[in-house]
Amino acid sequence: MVKPHSEINLAEFIDHSLLISTATPDQVGQYCEDADRFGFATVCIYPVHVRQATELLHNKNPQVCTVIGFPTGATTSAVKRFEAETATEDGATELDVMLNLGWVKMGKTELLHREIAEICESTGQTVKAILETSLLTEPEIRLAAEVCMDAGVAYLKTNTGWNGGATVSDVSLLSSIAKDRVGIKASGGIRTVEQAIALILAGATRLGTSRGVDLIRQRDNLEEVENRK
């Protein structure tokens, strides 16, 4: 049974994401502090910041998530694997891996499977496959999702946020494909608490957003208004 809106713990769905090229150590520190304060699932940062985030979140609940082959997915499999293994050594426990969309378009399922399976096996960490659904047709989404699940991913992720954002329809589609075998991460363009809740009700089990603190404050304001009625 789906929980009523008021019973959804929004914070536990959020991957608090700082994926801008100008990110500084001070900003990483602030995101880690926010994640711990609000109880977010993870802080999601570029690989170069993983060691810092790991140190700041040591013995705290939020996990350290990073991105691999981001945002295009067009690096070689060897480079992606090295990046994933290095991030794991630095302390990352969740890896959001961008697929090679050219391979998806060409139906090169064997190459897709091998790349993702090798990362899953060599790191032993939680892998989220980024499909970039805004650039794929429904048959391509289905193909990529099935290949990634077979390769051992823990989540299917909608978007990088660089080519459009998560939609309720895409989350619903991925949820229908996954059939509870893996989680669904909605990412990109999540700016309001109403959007966030709609995506969760459609099947999202994680939300990738840079606006985690703002979403929590929006939720608190809404609850305050409701309580005054």
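Can you order the peptides 106-113, 177-184 by their average number of other Cβ atoms within 10 Å per residue, highest first?
Working: 106-113: 15.0, 177-184: 16.8.
The most tightly packed comes first, giving 177-184, 106-113.
Using the Cα gyration tensor of the stretch 1-121, with a ≥ b ≥ c the square roots of its eigenvalues, what is the shape: rounded (a/c below 1.5), prolate (a/b larger than b/c) or oblate (neither)?
Numbers: a/c = 2.22, a/b = 1.42, b/c = 1.56.
It is oblate, given that a/c is not under 1.5 and a/b is not larger than b/c.
Using a 4.7 Å Cβ-Cβ cutoff, the cysteines of the chain lacking any partner cysteine are Cys32, Cys120, Cys148.
At 1.4 Å probe size, with the rest of the protein present, what percent of the exposed accessible area of the chain is carbon and sulfur atoms? Taking all protein chains in place, the chain shows 50 percent carbon and sulfur surface.
Just the accessible area per residue of the stretch 1-70, please: how many Å² with a 1.4 Å probe? Before the final figure, lay out the partial values.
On the way: 3660 Å² over 70 residues.
I get 52 Å² per residue for this part.
At a Förster radius of 22 Å, what calculated FRET efficiency corresponds to the Cβ-Cβ distance of Thr72 and Ser122, to the nearest 0.05? Calculated transfer efficiency: 0.55. If you take the Cα centroid of the stretch 78-95 and the Cα centroid of the stretch 183-207, the two points sit 26 Å apart.
If the only charges are +1 at each Lys and Arg Cβ and -1 at each Asp and Glu Cβ, what is the size of the charge dipole of the stretch 63-210 around the Cα centre, to the nearest 20 debye? Dipole magnitude for the stretch 63-210 comes out near 300 debye.
Beyond 21 Å in Cα-Cα separation lie the following of the pairs Lys108/Lys128; Lys128/Lys179; Lys105/Lys157; Lys80/Lys157; Lys60/Lys179: Lys60/Lys179. Each label point is 7 Å from the Cα along the Cα-to-Cβ direction; what then is the distance between the points at Ser172 and Asp220, in nm? Reported label-point gap for Ser172 and Asp220 is 3.3 nm. When the residues Leu56, Leu156, Leu101 are ordered by accessible surface, computed with a 1.4 Å probe over the protein chains alone, the sequence from largest down reads Leu56, Leu101, Leu156.
List the residues of the stretch 193-224 whose backbone N lies under 14 Å from a point placed 7 Å from the Cα of Gln30 along the Cα-to-Cβ direction. The answer is 210-214, whose backbone nitrogens lie closer than 14 Å to the label point. Once you sort the root eigenvalues of the Cα gyration tensor of the chain as a ≥ b ≥ c, which label holds: rounded (a/c under 1.5), prolate (a/b larger than b/c) or oblate (the other case)? Cα axes put the chain in the oblate bin.
The values are calculated or read from the model by the stated rules, or taken from the named source; none is laboratory data. Only a predicted model underlies this, so the values are computations on that prediction, with no experimental measurement involved. Neighbour counts run over all protein chains shown; Cβ positions are idealised from the backbone, glycine included. Areas reflect the complete protein model, heavy atoms only, side chains present, ligands, DNA and RNA absent. Shrake-Rupley method; radii C 1.70, N 1.55, O 1.52, S 1.80 Å.
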